[in-house]
Structures are given as structure tokens and as C-alpha cells.
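Below is one structure, written out as C-alpha cells; the observations come after it.
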Amino acid sequence: MKLLVENIATLAGIDAGGTCRKCGAEMAQFDAVNNAWMLVENGIFTEFDSIDNTPMPTDVDTIVDARGGTVMPSWCDSHTHIVYADSREQEFVDKINGLSYAEIARRGGGILNSADRLHELTEQELFDQAVERVHEVIAKGTGAIEIKSGYGLNTQDELKMLRVIARLQESCRLRIVSTFLGAHAVGREYAGRQADYVDLVVNEMIPAVAAEGLADFVDVFCDKGFFTPEETARILEAGAKYGMRGKIHGQELAPSGGVEVAVKHRALSVDHLESMTDDDIAMLRDTETMPTALPGTSFFLNMPFAPARKMIAAGLPMAIASDYNPGSTPSGDMKFVVSLACIKMRLLPAEAFNAATINGAAAMGLSADYGSIAPGKVANFFITRPIRSLDFIPYAYTTPLVDRTFLAGEEQ
Ligand code: NIG
Ligand code: FE
């Protein structure tokens, strides 16, 4: 099956293959050709060029007219919690009214309350809610996504969440990776017994998750008031025994050793980083760990943003992701995340595009197959309505520009 996309004003996010992530100054390079065509064969990008250089192939099965729009690789959203039970807008209003965390928790906010609600839902009800969110983000241009557990907080409910993620993997065309986040908070039955809860995560939950092959990665909320670097190290070691690499929540609420433990254990990514220090930046140099900022969370919670310019100046790569969850970021709109990265973290549009595509793919271990338009990669892309330039995408920060979306070469 050969699909030709013609009449592309700008074909962006291209490379010749072999680029797996972009670091430092390379992040400002988001290559593009104008007046382009692109060929997809059996769901894989094969060729592309400008019609000024190479005539379009004629021996094709289907032609898609991009009508002068821009074609981009789909967003790669490397950090989400979109399997959850019910929204928490009451908490949002409570925060506006200045309520404390304890008061908010009493009124139905917080991770533990999401866990209570999730406990009440059947796997089918949870799936029905989550699949709607998956279709929402596909329509916004996302083509690969990481989904975490972490609202179960006991073995059965964590498995229930992960089984929902497995069903989403089977039934949705976007690429999904799965992360076990049993250590998101201490489950209610273990209140005041954090050490016992960590034992449960290590001795019962991780082996059970591994036995069903339900998670690619293991995550820990390593932060002030949640889990310590020592507990995080134990959980990372337990996950590693079953081939699950780390993807850590760290340095959100305070500089609390999250980066150090992530780097020591070769975590694939360390995410949040709102409270990142200069030492953390130095520690991440020449490592495999992708620093990942979540600008939507900083925006929604009125918190500082990750020091992106310092990280890029230090030569680090950087990804951006949505963190889509009911508490701190009820949005999976990656175009808006790109805008926030530009407006609030001073990323250039090209840097933000790379952070949201190739580096997001790298933060999920997927960049050999996703994250750019390159021969041999899976043909996940979107077509925008005609726009004046790539810079218009983050500039027009609420205009819905994504017109048509394709996953593995098929229109959604
Ligand atoms: O990534 N930081 C930890 N957890 C989530 C928020 C969880 C919630 O409030 O439900 C986050 O922001
Ligand atoms: Fe998160």
C-alpha cells in the first residue's frame, strides 16, 4: 500500500534516519523542506523531497492532498496519567478559594481520593473513560504516549489500571508505553507505614506486574513528602530485575535527590524538574537520562517552570510532555505544551518541537521508530491547515491548527 501526500507547503521534523535525540544547540535544528511530497509504504515513511528537487512518484495507491498545509511528525507525549477515574474540578475551585491541601483532600481532591474513586470503578468503566481521553489526544496530533498507573495504590487496583493500559494498547492505533507507578503515594491501608508500603511495592506489586508483562517502565514520585531517594533506589533496583527501566518523578516540590538517583540507576528519564539545581544539571551531562519538563503542570499549579535555558546551554537534551492527569494538569494538548515551553521557558519554537517529538520519543525508548519523519520510521504525522510559518504553531496558542491526523499511515 503506497500513500502519497502531496501539496505540502512545509514538511517539517525530517531527518535522514539515525537521529535518536537532540542535545544542546542541536535542539534549535528542526529540519524542513518546502513544496514537498512524502511517500508512505505500508505504514512506514519511505521517501520525501521538495518537488523543486525530485518529481513526485506516480505509481501509488492513494493520494492525500495536504492543500498547502504543514506536515509534522506526531507529538510524542512521554509522561501522562490518563487512566483515571473522574475529573477533579472541585479541587480546582477549592484552590482558587485558597483552601489548604488537607481541606482539599476532605472535599475529594488529591491522589488518594483519585485512588478511592478508581477502586469503585470496574475495569470496563475505567477503560471507557480512558479511551475517550486517548481519542481526544489523537485528534490533537499525539502519536505516541506513555501512560502510568499510580491511582491504584494496592496490588489489585494497580493491576486493574495496567490491564486498562494493555487494552488501550490493543485497541488504539497510537503507540502506547506503560509505566508502573505504585509508589505515587502511600496507599490508605498503609497510612503511617511508608516502609511497609515500599516493601509491598518491591515484594508484591513489581513481581505481580512483571508476571503479567504489564509494564515497560517503573516510576517513583521521589520528592519531599513522598518517597525518599533511598526508597526510590530500592524500587528502581526491584524493577530492573524484571527489565523495567526507571522514569522518575523528581525535583517537583523541592530539590530532593531525584535527579541523582535517576542518573545513578540509568533511568530513561527524570521528569518535572521545577526545583532543579545547577548541580542536578551538571549531573545529567553525558548520561542516558532524558530531563523532561512538564510546563502544563507549572502553568496549572502556578509553580516555577523548569530551567530549560540553563539545561540547553549546558548541552543537555530535553523533552517536554503533558503530564495529563486529573489533579495537576487536566490537559493533554501538546500544541499548548509547546506554546507554554516557548512562552514560559523561553524555548525557541524549533527547540520546543524537538522536545515534543524526537526527544519525547527518546524519553519512552521509542526514538528508533517514532519522533521524526525519517525513512523507516512509523508514519505517524499530522497535517495543519495552511499557516504562514512553523513559528505560527506555538504563537497561535489556542487556535486549533491540526487538521488531519495519521497513525501508521492511516487517517484517524
Ligand atoms: O505528575 N507529581 C505527582 N503526580 C501527578 C499529580 C497527581 C494528582 O494530583 O493526581 C503529577 O503531577
Ligand atoms: Fe506525573
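All of the numbers you see were taken from the coordinates with simple rules; none came from a lab. Small disclaimer: the values here were computed from a predicted structure and weren't measured. Neighbour counts run over all protein chains shown; Cβ positions are idealised from the backbone, glycine included.
Distance between the C-alpha centers of segment 31-104 and segment 345-412? Whole Å please.
Rounded to whole Å, the Cα centres lie 5 Å apart.
Please list, in chain and number order, the residues 5+ apart from A374 or on another chain whose amide H is under 5 Å from its amide H, with Hs placed from the backbone.
D15
Can you work out the Karplus-derived ³J(HN,Hα) for every residue in segment 297-305? Use 6.51 cos²θ - 1.76 cosθ + 1.60 with θ = phi - 60°, whole Hz, and x for glycine or proline.
5, 4, 5, 6, 9, 6, 10, x, 9
Return the Cα extents of the chain along principal axes one, two and three, sorted largest first, each rounded to a whole Å.
The Cα atoms of the chain stretch 68, 46, 45 Å along their principal axes.
Got a sec? How would V220, V137, V337, V177 order by Cβ neighbour count within 10 Å, fewest to most? Write down the numbers at each step before the final one.
Details: V220 33, V137 24, V337 30, V177 21.
Placing the least packed residue first, the sequence is V177, V137, V337, V220.
Between T122 and N34, with labels modelled 7 Å along Cα→Cβ, what's the label distance in nm to one decimal, could you check?
So the two model labels end up 5.8 nm from each other.
PRE reach from N53 (point 7 Å along Cα→Cβ): which of segment 347-387 fall under 19 Å by backbone N?
Inside the label zone: 372-377.
To one decimal place, what Kirkwood hydrodynamic radius in Å is obtained for segment 257-412 from all pairs of distinct Cα atoms?
Working: mean 1/r = 0.0616 Å⁻¹.
One decimal place: 16.2 Å for the Kirkwood radius.
Please list, ordered by chain and number, the residues whose modelled amide H lies under 5 Å from the amide H of A379; skip anything fewer than 5 residues away on the same chain.
For A379, whose amide H was placed from the backbone, the distant partners under 5 Å are I44, F45, A408, G409.
Residues of segment 1-20 with backbone nitrogen within less than 20 Å of a virtual label 7 Å along the Cα-to-Cβ line of Y395, please, listed as ranges.
9-13
Once you treat every alpha carbon in segment 93-156 as an equal point and sum by Debye, what is log10 I(q)/I(0) at q = 0.20, 0.21, 0.23, 0.27 Å⁻¹?
-0.94, -0.97, -1.00, -1.07
Which of these, P349, P400, P326, has the largest mean-square fluctuation under a Gaussian network model of the chain (Cα springs below 10 Å)?
The residue that fluctuates most here is P400.
List the lysines whose Cα sits under 23 Å from the Cα of K241, skipping any in the same chain fewer than 8 residues away.
Filter leaves K148, K160, K264.
In degrees, nearest 10, range 0 to 90: what is the angle between the Cα axis of helix 123-139 and the longest Cα principal axis of the chain?
40 degrees
Just to check I understand the Karplus step: with θ = phi - 60° and J = 6.51 cos²θ - 1.76 cosθ + 1.60, what whole-Hz values come out for segment 31-40, glycine and proline as x?
Calculated HN-Hα couplings, in order: 6, 8, 10, 9, 6, 10, 10, 8, 10, 10 Hz.
About the Cα centre of segment 76-362, what is the dipole size in debye to 20, counting +1 per Lys and Arg Cβ and -1 per Asp and Glu Cβ, all else neutral? Present the calculation step by step, with values, prior to reporting the outcome.
Values: 28 positive and 40 negative charges, 131 e Å.
Using Cβ point charges on Lys, Arg, Asp and Glu, segment 76-362 gives about 620 debye.
May I ask for the angle, rounded to the nearest 10°, between helix 229-241 and the longest principal axis of the chain, with both axes built from Cα atoms and the value confined to 0 to 90°?
Helix 229-241 sits roughly 60 degrees off the main axis of the chain.
What FRET efficiency, computed as 1/(1 + (r/R0)^6) with R0 = 45 Å and r the Cβ-Cβ distance, is obtained for Q194 and T46, rounded to the nearest 0.05?
Numbers: r = 53 Å, r/R0 = 1.17.
Calculated transfer efficiency: 0.30.
Calculated from DSSP H runs of 4 or more alone, at -39500 (n - 2.57) each and per residue, what is the 222 nm mean residue ellipticity of the chain, nearest 500? Please list the in-between numbers first.
Details: 16 runs with 141 residues, N = 412.
One gets -9500 deg cm²/dmol as the mean residue ellipticity at 222 nm.
What ³J(HN,Hα) values, in whole Hz, does the Karplus curve 6.51 cos²θ - 1.76 cosθ + 1.60 give for segment 358-371 when θ = phi - 60°, with x put for Gly and Pro?
5, 6, x, 4, 4, 5, 10, x, 10, 6, 6, 10, 9, x
Between helix 110-120 and the chain, what is the angle of the helix's C-alpha long axis to the longest principal axis, kept within 0 to 90° and rounded to the nearest 10?
90 degrees
Could you tell me the calculated FRET efficiency between M303 and K2, based on Cβ-Cβ distance and R0 = 45 angstrom, to the nearest 0.05?
That gives a FRET efficiency of 0.40.
Using all Cα-Cα distances in segment 48-198, what percent lands in each 10 angstrom bin from 0 up to the longest?
Binned Cα distances yield the sequence 10, 30, 27, 16, 8, 7, 2.
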